[in-house]
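First the structure, in the form of structure tokens, and then the observations on it.
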Amino acid sequence: APKGSVMLLHACAHNPTGVDPTLDQWREISKACKERDHFVLFDCAYQGFASGNPEKDVAAVKMFIEEGHNIGLCQSFAKNFGLYGERIGALSFVAKDQAEAEILESQVKILARPMYSNPPVYGARVVSTILSDAELSALWRKEVKLMADRIITMRASLVDKLKALGSKKDWSHITNQIGMFSYTGLSEQQCDKLINEHHVYLVRNGRISIAGITSKNVDHLAKSIHEVTK
């Protein structure tokens, strides 16, 4: 990319691949961005939904700030607070000093004014109420971990059932990936067979929503995938 480009990075639970860099890889990315004077903009839509730990899921963001990047951060609370219909989130910037912070604030207000002027407050107040209350915040963290653990369990269950059916393919990428989505490695033709013959609906690049897998449908999904990949 040309020097001084804006680099959009997913903080965790990369959508659509489910493949997150390791901490060592994040350091290399940070180094490369700094060498090329890139501005880093983090998309943080699944905080807590990767590992189940909201702090762990923003390790990359914290690392970049510690290494001197003045980042931009786009946060969404639609998924991790169950407020999808509210489209609640936050846009934050790290400035080098107070003067730059005031300039950034002015520019953001100029952009926001013609777009929506004043955002709806309901979702923001729900999130603020939860995070400002120790008991509610603890309950939220417990429920986020429960959801993340369920997704991780469904990944493992799907792979285990494929193996039990006798599949000889390597499905380890499904359990190695993280978050709500997975690239299964299925071809367009295999996806078409899943849709037309087994009524398993997915996009033709093989991407599926792991969050849509349940203990009630995982057997059918595993059998269907096994049938089209024999």
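The values are calculated or read from the model by the stated rules, or taken from the named source; none is laboratory data. Computed from a predicted structure; not experimentally measured. Note that we place each Cβ from the backbone using ideal geometry, even for glycine, and neighbour counts take in every protein chain shown. All accessible areas refer to the heavy atoms of the entire protein, side chains included, with ligands and DNA or RNA removed. Shrake-Rupley method; radii C 1.70, N 1.55, O 1.52, S 1.80 Å.
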Estimated vicinal HN-Hα couplings, Hz - segment 153-169 in sequence order (Karplus 6.51, -1.76, 1.60; Gly, Pro = x): 5, 5, 4, 5, 5, 4, 5, 4, 6, 5, 5, 5, 7, x, 5, 9, 6
Nearest 10 degrees, 0 to 90: helix 23-35 Cα axis against the chain principal axis: 40 degrees
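Hey, can you find the accessible area per residue of segment 143-200 for me, probe 1.4 Å, expressed in square angstrom?
On the way: 3190 Å² over 58 residues.
With the other protein chains kept in place, segment 143-200 gives 55 Å² per residue.
Looking at the P(r) of segment 76-185, how many percent of alpha-carbon pairs lie beyond 17 Å?
Everything past 17 Å amounts to 71 percent.
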Per-residue ³J(HN,Hα) for segment 70-84, Karplus 6.51 cos²θ - 1.76 cosθ + 1.60, θ = phi - 60°, Hz, x for Gly and Pro: 8, 7, x, 9, 9, 10, 10, 10, 5, 7, 6, 10, x, 10, 4
Summed side-chain charge close to LYS3 - residues other than LYS3 whose Cβ falls under 11 Å, Lys, Arg +1, Asp, Glu -1: -1
Neighbourhood charge, 15 Å Cβ-Cβ cut-off, centred on VAL94 and excluding it, Lys, Arg +1 and Asp, Glu -1: -3
Among ASN196, THR129, ALA148 - extreme Cα towards positive end, dipole of the chain, charges at beta-carbon: ASN196
Restraint check, LYS168/LYS230; LYS145/LYS223; LYS31/LYS62; LYS3/LYS56, Cα-Cα greater than 19 Å: LYS145/LYS223; LYS3/LYS56
Accessible area per residue, Å², segment 1-141 with all protein chains present, probe 1.4 Å: 60 Å²
Cleavage-rule hits (trypsin sites (Lys or Arg not before Pro)) in segment 12-82: DSSP loop, at most 16 neighbouring Cβ within 10 angstrom: ARG36
Helix 122-132 vs. the chain, principal-axis angle (Cα, 0 to 90°, nearest 10): 90 degrees
Computed label-point distance, nm, for sites ILE103 and PHE39 using a 7 Å Cα→Cβ extension: 1.0 nm
Fraction of beta bridges assigned by DSSP in the chain that are antiparallel (%, nearest 5): 45 percent
Stretchable slack from LEU146 to HIS220, in nm (0.36 nm times residue separation minus alpha-carbon distance): 24.3 nm
Heavy atoms of LEU131 accessible to a 1.4 Å probe, total area in Å² rounded to 10: 90 Å²
Accessible surface of the chain [probe 1.4 Å, protein heavy atoms]: carbon and sulfur percent: 55 percent
Rounded tilt (10° steps) of 218-229 against the dominant C-alpha axis of the chain: 70 degrees
Total formal charge among the other residues, if their Cβ is under 9 angstrom from that of ALA50, Lys/Arg +1 and Asp/Glu -1: -1
Rounded to whole Hz, the Karplus (6.51, -1.76, 1.60) HN-Hα couplings of segment 89-101, x for glycine and proline: x, 8, 10, 10, 10, 9, 9, 6, 6, 4, 4, 5, 4
Shape call, segment 1-85: gyration tensor on alpha carbons, a/c limit 1.5: prolate
For SER182, distant residues with modelled amide H under 5 Å away: ILE208, ILE210
At most 14 other Cβ within 10 Å, DSSP loop - chymotrypsin sites (Phe, Trp or Tyr not before Pro), segment 101-179: TYR116
